[in-house]
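None of the figures in this text is laboratory data; all of them are computed from the coordinates on show. Every value quoted in this text rests on a predicted model; they were computed, and no experiment measured them.
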Amino acid sequence: MLEMRQSCERCKAQLPMDSSDAMICSYECTFCTSCVTGPLNGHCPNCGGDLQPRPKRIKK
């Protein structure tokens with residue numbers, strides 16, 4: 001199951017499970033869209049992989 005980290009690893013912005021602002025790499029490193037489109041330039045600083053939108057998980 002995908003680990004849903006609750007904050008950006010760079011700026012600590014809150015990223016709840018239903019956030020459309022969360023981006024992840026294949027290792028599930030999690031960053032906010034502002035960091036990904038800005039200083040990270042679309043790449044994970046940990047593994048160098050591409051960052052893609054994280055799927056949303058709606059609380060039931």
- Amide H within-cut-off set for R10, under 5 Å, with H built and near neighbours excluded: C32
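Over its Cα atoms, what ratio of radius of gyration to 2.2 N^0.38 Å does the chain give? Can you show the working numbers first?
Working: Rg = 10.5 Å, N = 60, 2.2 N^0.38 = 10.4 Å.
That works out to 1.01 for the chain.
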